[in-house]
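*Asks:* Please see the structure below; I have some questions.
The values are calculated or read from the model by the stated rules, or taken from the named source; none is laboratory data. Quick caveat, the model's predicted, so the values are computed rather than measured. All Cβ positions, even for glycine, are placed from backbone atoms using ideal geometry, and neighbour counts span all protein chains on display. With ligands, DNA and RNA removed, areas are computed over all heavy atoms of the protein, side chains included. Shrake-Rupley method; radii C 1.70, N 1.55, O 1.52, S 1.80 Å.
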Amino acid sequence: AATEPELLDDQEAKREAETFKEQGNAYYAKKDYNEAYNYYTKAIDMCPKNASYYGNRAATLMMLGRFREALGDAQQSVRLDDSFVRGHLREGKCHLSLGNAMAACRSFQRALELDHKNAQAQQEFKNANAVMEYEKIAETDFEKRDFRKVVFCMDRALEFAPACHRFKILKAECLAMLGRYPEAQSVASDILRMDSTNADALYVRGLCLYYEDCIEKAVQFFVQALRMAPDHEKACIACRNAKALKAKKEDGNKAFKEGNYKLAYELYTEALGIDPNNIKTNAKLYCNRGTVNSKLRKLDDAIEDCTNAVKLDDTYIKAYLRRAQCYMDTEQYEEAVRDYEKVYQTEKTKEHKQLLKNAQLELKKSKRKDYYKILGVDKNASEDEIKKAYRKRALMHHPDRHSGASAEVQKEEEKKFKEVGEAFTILSDPKKKTRYDRGQDLDEEGMNMGDFDPNNIFKAFFGGPGGFSFEASGPGNFFFQFG
């Protein structure tokens, strides 16, 4: 009799708990999971040892994406009733969603022991094994630096484990290594919104900034990650590399500004050895070293450095411009035009347009006969120097001088004699010379070089008939006689 009121109270509590559960079920059916959660909680408060109430609240929390809390409820439900199949299924599903595939397998196995024909348990068990396989492949591929494959594996694993921060971080790190920084930052930022102290996410956020050559900001994130996890090895290495790279690059820039090109070259070279994975910074270092080499007149080395820079970053305009100038300086005009075209397609500025036009003009000029080279004079040669050069070359290649040579040699010398006459005709005429130097077409001046007679120039220069002759003084020897 003394305990009867308590029993009545207990029965009343059970009835009230059932009412709360039914109300929770109604809200769950309407997908109002927050209200469903509230009513399941009331049911648990009234009757804390009912496994199904914890199971229902776990299902609601799963729908709200709160898998860690849901796991606690699911585990409590099977502690209260180990034969509760749906409890084991929910526990396994939570483990799997959080990325613990091995624990998920154990839960699904227990569900299958209780109900070996349970189709959901069979499928979820396969899913958990698939996730473990993706993890295994990703681990191997990460060691091989096959980051694309790791991203693929993590995407597949995340289909079954959408709340696994570990998988997301691995994916984000690989995206950063692949240069897909906005995607990597997005993943890391999503995690930091949920957990601002997540050291792995802070590390990845810093890694993106580091690889985008925002080294100072990157260091701040690495330091923050190390505050959260002092033994975070990757953050420690990245922080050390970032600081060393920043220091070497700044020292190299200082040496360059001071005109100490040899020291600048050494410092940039040392900086390039710090971290081969930092593509953007290394591209800048190669371009900087290329600039140093151009100052040292090591133009082939400068071209090679700039080529390495654009291999790392094919959008790096400064490297294309530097290489194009080196090509111009080494008279590789086709290559220069190609680089300036790339630059102008990217940035259509007046300056870039003019650089392209200049290169195209030099290319056009390079494909014509080089009259300065034919006469053997500098482009700034005076009128007297041009005349002296013509006299020397005309006498050297005059056909009469080679009358005893083979037909092949005679033909070659005749060709050279004609070219010397052409060169003198152009370079001795100020108007024609100006047009030639500008790369303008000489045909516009009415000069048809196909009808050109070099003998007329020679006669005009040395005098009329009888004024000049070649006479042999022995086999292969000639002397010049003037009238």
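*Asks:* Can you go through Asp384, Asp314 and tell me which one is assigned by the TED database to the domain that holds Glu408 and either assigned to a loop (DSSP other than H, G, I, E, B) or open to solvent by 50 Å² or more (accessible area, probe 1.4 Å) (or both)? So that I can check it myself, show each step before the final result.
*Replies:* Values: Asp314 fails: assigned by the TED database to the domain that holds Glu408.
Of Asp384, Asp314, the one residue that is assigned by the TED database to the domain that holds Glu408 and either assigned to a loop (DSSP other than H, G, I, E, B) or open to solvent by 50 Å² or more (accessible area, probe 1.4 Å) (or both) is Asp384.
*Asks:* With the structure loaded, tell me whether Leu355 is in contact with a Leu (Cβ under 8 Å, 6 or more places away or on another chain), open to solvent by less than 70 Å² (accessible area, probe 1.4 Å) and farther than 21 Å from Tyr327 by Cβ or whether it fails that test.
*Replies:* no
*Asks:* Check off (1) surrounded by 24 or more Cβ atoms within 10 Å (Cβ to Cβ); (2) within 32 Å of the chain's Cα centre (by Cα); (3) in contact (Cβ under 8 Å) with a residue 24 or more places away in the chain for Cys153 and give me the number that stays unchecked.
*Replies:* Cys153 satisfies all of (1) surrounded by 24 or more Cβ atoms within 10 Å (Cβ to Cβ); (2) within 32 Å of the chain's Cα centre (by Cα); (3) in contact (Cβ under 8 Å) with a residue 24 or more places away in the chain except (3).
*Asks:* Mind telling me which of the residues Pro162, Pro182 ends up being touching a residue at least 40 places away in the same chain (Cβ under 8 Å) and not hydroxyl-bearing (Ser, Thr, Tyr)?
*Replies:* Pro162
*Asks:* Report every pair of residues separated by at least 6 positions or lying on different chains whose Cβ atoms are under 8 Å apart, first residue within the range 53-79 and at pLDDT 95 or above, second surrounded by fewer than 24 Cβ atoms within 10 Å (Cβ to Cβ) and polar (S, T, N, Q).
*Replies:* Pairs that qualify, where the first residue is at pLDDT 95 or above and the partner is surrounded by fewer than 24 Cβ atoms within 10 Å (Cβ to Cβ) and polar (S, T, N, Q), are Tyr54/Gln76; Asn56/Asn25; Arg57/Thr41; Met62/Ser97; Leu64/Asn34; Phe67/Ser97; Ser77/Ser52.
*Asks:* Let me ask something additional. Of everything in the range 246-266, what is hydrophobic (A, V, I, L, M, F, W, C) and closer than 19 Å to Glu216 by Cα? Give them in sequence order.
*Replies:* The one that is hydrophobic (A, V, I, L, M, F, W, C) and closer than 19 Å to Glu216 by Cα: Ala247.
*Asks:* Could you check, for the range 285-301, whether at least one of its residues is buried (at least 21 other Cβ atoms within 10 Å of the Cβ) and more than 30 Å from Lys357 (Cβ to Cβ)?
*Replies:* Within the range 285-301, one or more residues are buried (at least 21 other Cβ atoms within 10 Å of the Cβ) and more than 30 Å from Lys357 (Cβ to Cβ).
*Asks:* Here's something else I'd like to know. From the list Gly463, Gly467, Gly439, Gly446, pick out the single residue that is at pLDDT below 55 and either open to solvent by less than 40 Å² (accessible area, probe 1.4 Å) or among the aromatic types (Phe, Trp, Tyr) (or both).
*Replies:* Answer to the check: Gly467.
*Asks:* More than 18 Å from Asp429 (Cα to Cα), open to solvent by less than 50 Å² (accessible area, probe 1.4 Å) and at pLDDT below 95: is that true of His398 in this structure? Before the answer, list the steps.
*Replies:* Details: more than 18 Å from Asp429 (Cα to Cα): yes; open to solvent by less than 50 Å² (accessible area, probe 1.4 Å): yes; at pLDDT below 95: yes.
It is true that His398 is more than 18 Å from Asp429 (Cα to Cα), open to solvent by less than 50 Å² (accessible area, probe 1.4 Å) and at pLDDT below 95.
*Asks:* Among the residues of the range 193-220, which ones are more than 14 Å from Tyr181 (Cα to Cα), open to solvent by 50 Å² or more (accessible area, probe 1.4 Å) and among the hydrophobic types (A, V, I, L, M, F, W, C)?
*Replies:* Across the range 193-220, the qualifying residue is only Met194.
*Asks:* How many of the residues making up the range 123-133 are within 31 Å of the chain's Cα centre (by Cα) and open to solvent by less than 60 Å² (accessible area, probe 1.4 Å)?
*Replies:* 1
*Asks:* Can you confirm whether Ala43 is free of Cβ contacts under 8 Å to residues at least 40 places away in the same chain, more than 18 Å from Pro162 (Cα to Cα), open to solvent by less than 50 Å² (accessible area, probe 1.4 Å) and in contact with an Asp or Glu (Cβ under 7 Å, 6 or more places away or on another chain)? Steps first, please.
*Replies:* Details: free of Cβ contacts under 8 Å to residues at least 40 places away in the same chain: yes; more than 18 Å from Pro162 (Cα to Cα): yes; open to solvent by less than 50 Å² (accessible area, probe 1.4 Å): yes; in contact with an Asp or Glu (Cβ under 7 Å, 6 or more places away or on another chain): no.
So Ala43 fails the test.
*Asks:* Do you know which residues across the range 47-95 are among the hydrophobic types (A, V, I, L, M, F, W, C) and under 47 Å from the mean Cα position of the chain (by Cα)?
*Replies:* In the first step, residues of the range 47-95 are kept if they are among the hydrophobic types (A, V, I, L, M, F, W, C); the result is 47, 51, 58-59, 61-64, 67, 70-71, 74, 78, 80, 84-85, 89, 94.
Selection gives Ala58, Ala59, Leu61, Met62, Met63, Leu64, Phe67, Ala70, Leu71, Ala74, Leu89, Cys94.
*Asks:* While we're looking at this one, here's another question. Quick one: what pairs do we get from the range 101-114, first residue surrounded by fewer than 20 Cβ atoms within 10 Å (Cβ to Cβ), second at pLDDT below 95, C-beta under 6 Å, 6+ apart or different chains?
*Replies:* Filtered contacts from the range 101-114: no entries.
*Asks:* Now a separate question. Might you check whether a residue that is among the acidic types (Asp, Glu) and open to solvent by less than 70 Å² (accessible area, probe 1.4 Å) occurs anywhere in the range 270-278?
*Replies:* Taking every residue of the range 270-278 in turn, at least one turns out to be among the acidic types (Asp, Glu) and open to solvent by less than 70 Å² (accessible area, probe 1.4 Å).
Results for (1) free of Cβ contacts under 8 Å to residues at least 12 places away in the same chain; (2) under 30 Å from Leu272 (Cα atoms); (3) among the acidic types (Asp, Glu), shown as yes or no for each residue.
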{"position": "Asp300", "(1), (2), (3)": "no, yes, yes"}
{"position": "Glu331", "(1), (2), (3)": "no, yes, yes"}
{"position": "Val337", "(1), (2), (3)": "no, yes, no"}
{"position": "Tyr344", "(1), (2), (3)": "no, yes, no"}
{"position": "Gln354", "(1), (2), (3)": "yes, no, no"}
{"position": "Ala359", "(1), (2), (3)": "no, no, no"}
{"position": "Lys369", "(1), (2), (3)": "no, no, no"}
{"position": "Tyr390", "(1), (2), (3)": "no, no, no"}
{"position": "Asp400", "(1), (2), (3)": "no, no, yes"}
